[in-house]
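Shown next, in structure tokens, is the structure this report addresses.
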Amino acid sequence: MSIRQCSAILMENGELTETVGDVCVEETFRLYLNNEFLVELVATPCQLEELGAGHIICEGLASGISRVSKISDVYVAGDEIRVFTSEIKEPERSGSDVTISKGDVFNIMSATTSETWKKTGGTHCSVLFSGKKLVAKSEDVGRHNTVDKVVGYAVLNNIDLSTCVIGCTGRQPEAMVSKAANAGIPIVVSRSASTDKGIMTADKAGIMLIGFAREDKFTIYTCPHRMC
């Protein structure tokens, strides 16, 4: 359940009235990697197996996922575990030759429309496309979680992330772009802005980073050769 109703007082046109509105649900989950506690995650309580698997891959903590289980917390079994560090790792440069058209950019952004956001105004959304096909979509109170969830879906369903494009509603600072880099995704499209370090990270990783993709325009920050 990702939405609940909450009583509130509405001020409109100078008048105060009692109302009931839809709000997002957030819960805290403990994530374990190979039975070792890793981190607590605040998230919308859905697609938690995908969240766990994707978080491990997007943070560069393992090369692959062999098993995920959800009891009250999330347990992930990973392959080739890497030493955890609080520092963001230097991304590997993408060797993918994936390209994108102008029309694809707008189609991807239109897919980030979220019914939960329409009702609550409190969620982000990410989508994952392979070719021109939507293969995963996730909503969450945290923009980082939405990326983890769609990447986790791809990993658990053997989808080649090097052929994919990710579309996001959230900003693209260094930590967000690094998730795409660690997952091997070559193109990131966002409705929002990036930061200077987000752009530098995309450039180093060979990722095409597109921001402000709204209505009939967008901004290409890096790798314009991927536009076809």
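The values are calculated or read from the model by the stated rules, or taken from the named source; none is laboratory data. Keep in mind the model is a prediction, meaning the values are calculated, not measured. Methodologically, a virtual Cβ is constructed for each residue, glycine included, from the backbone with ideal geometry; neighbour enumeration extends over all protein chains shown.
Kindly indicate the residue of segment 158-184 that is of a type in the set (D, E, K, R) and outside any loop (DSSP other than H, G, I, E, B) and also farthest from Thr99 (Cα to Cα) among those meeting that condition. Checked segment 158-184; the qualifying residue farthest from Thr99 (Cα to Cα) is Glu174.
Taking the conditions exactly as written (in a loop (DSSP other than H, G, I, E, B), of a type in the set (D, E, K, R) and either in contact with a Leu (Cβ under 9 Å, 6 or more places away or on another chain) or modelled with pLDDT of 95 or more (or both)), does Arg82 satisfy them or not? Against the criterion (in a loop (DSSP other than H, G, I, E, B), of a type in the set (D, E, K, R) and either in contact with a Leu (Cβ under 9 Å, 6 or more places away or on another chain) or modelled with pLDDT of 95 or more (or both)), Arg82 qualifies.
The condition (being β-branched (Val, Ile, Thr), outside any strand (DSSP E or B) and either in contact with a helix residue (DSSP H, G or I) (Cβ under 6 Å, 6 or more places away or on another chain) or at negative phi (or both)) is satisfied by just one residue among Val127, Val155: Val155. The set of residues in segment 186-214 being outside any strand (DSSP E or B) and either without any contact (Cβ under 8 Å) to a residue 40 or more places away in the chain or of a type in the set (D, E, K, R) (or both) consists of Arg191, Ser192, Ala193, Thr195, Asp196, Lys197, Gly198, Ile199, Met200, Ala202, Asp203, Lys204. Sort out which residues of segment 1-20 are of a type in the set (Gly, Ala, Ser) and free of Cβ contacts under 8 Å to residues at least 40 places away in the same chain, and write them in order of number. Passing the criteria: Ser7, Ala8, Gly14.
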